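Contents: one structure, followed by commentary.
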Amino acid sequence: MRIAYTVDDVVRLIGEGRVEGAAAQPVSGVAALKQAKAGDLAFLGNLKYKADVAGCAASIILLPEDYEGQPAPGQAFVRLPKPSLALARVCREIERLLWPRPLAGVHPSAVVVPGAQIDATAHLGPLCVIEAGAQIGPGAVLEAQAYVGREARVGPDCWLMPQAAVMDYCVLGRRVRLHSGVVIGSDGFGYDTNKGVHEKIPQIGRAVVEDDVEIGANTTVDRARFNETRIGEGTKIDNLVQIAHNVVIGKHCLITAQVGIAGSTTLGDYVVIGGQAGLTGHIHIGSQAMIGAQAGVTHDLEAKSYVRDSPAMPYMIAQKVHVLKSRLPELFKRVSTLEETIAQLGGGGKRRN
């Protein structure tokens, strides 16, 4: 599929912007500033790349309002408050064209067990399996091999990509997006050791995902041991994340790749967690806390905390510790020199280690 957007089309898709210059041709692709050529759309989202704008050959460039510079001949600048967000709005339209919503209907190879309820406007792709008592809401899209368990509910306009699974009794709200390999409602990891044998603890709760949540590929959200595991409205979760049983995540949190959250931990709203961070169980993370990549969090955090490192500590303290660690080789060398000097002053006595 070939696209062609004039600068007027771009501004319309964004919904705002002040245009300078005139593009000699419509744009048919998106590229980084250094790689862009005529016919491309580029943007300056990070001031680190500001110097690349002057030599950029893109036909249209999205720029911050305060950027100093003028477009080249045949080039248009579109100035606006958030160029990265503006590009996202353009790409949203491109995405819609590249991956149009499938038509309503059930593929002949899909398996719908008697007692399941499929809205007439939903789409079930090849080899989907919908178990007894499950409900698939209006406008929902289930791509190939998606699975919905017994009595589970998939809300309106949800989108399950290939091989996503919503296990028995679990619930998706509205407009939830599950990427390939996501499992909602896998068993929580619970065992009780008795006389040297690990006996499995039944996980009889469910997992609930609220409206407008997006969950990345191969992420797992475990069902609760009892009651429920819950992901709050608007939260976005990256690939390869593990959410354990009875975890409760607030609204509009951002959780990046390879994070692990142990059982019964709770997060407030707008919490941000960097990649590969680990949170132990039964702790509370206050709203708007920020946890740096690879941090190990073993205790409660107050609202608006900012921590990093393992064990996690306040960001500024962690920065000082990092600086001091880098000076350890020099410090040991100085101590060794002082010991030798003291030994010599003491008459050449044997040095003590």
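Within the range 249-292, the set of residues being of a type in the set (S, T, N, Q) and touching a residue at least 24 places away in the same chain (Cβ under 8 Å) comprises THR256, SER287.
Tallying residues that are surrounded by fewer than 20 Cβ atoms within 10 Å (Cβ to Cβ) and assigned to a strand (DSSP E or B) within the range 1-22 yields 4. Just one of the listed residues (ARG101, ARG79) is basic (Lys, Arg), crowded, with 17+ Cβ neighbours inside 10 Å and in contact (Cβ under 8 Å) with a residue 40 or more places away in the chain, and it is ARG79.
Among all residues of the range 23-40, there is none that is surrounded by fewer than 19 Cβ atoms within 10 Å (Cβ to Cβ), modelled with pLDDT of 95 or more and acidic (Asp, Glu).
Of the residues examined, ASP269 is not one that is more than 22 Å from ASN218 (Cα to Cα), touching a helix residue (DSSP H, G or I) at 6+ places or on another chain (Cβ under 9 Å) and either surrounded by 12 or more Cβ atoms within 10 Å (Cβ to Cβ) or in the same structural domain as ASP211 (by TED's automatic domain parsing) (or both).
Do we have any residue at all in the range 150-163 that's in the same structural domain as ARG225 (by TED's automatic domain parsing), among the small types (Gly, Ala, Ser) and either more than 20 Å from ASP211 (Cβ to Cβ) or assigned to a loop (DSSP other than H, G, I, E, B) (or both)? Looking through the range 150-163, at least one residue is in the same structural domain as ARG225 (by TED's automatic domain parsing), among the small types (Gly, Ala, Ser) and either more than 20 Å from ASP211 (Cβ to Cβ) or assigned to a loop (DSSP other than H, G, I, E, B) (or both). Note on the range 183-237: residues that are touching a strand residue (DSSP E or B) at 6+ places or on another chain (Cβ under 6 Å), aliphatic (A, V, I, L, M) and free of Cβ contacts under 8 Å to residues at least 40 places away in the same chain amount to 9.
Does LEU172 fit the bill of being touching a Cys at 6+ places or on another chain (Cβ under 7 Å) and of a type outside the set (Gly, Ala, Ser)? So LEU172 fits the description; yes.
The values are calculated or read from the model by the stated rules, or taken from the named source; none is laboratory data. Since this is a predicted model, take the numbers as computed values, not measurements. Backbone-built Cβ (ideal geometry, glycine too); neighbour counts: all protein chains shown.
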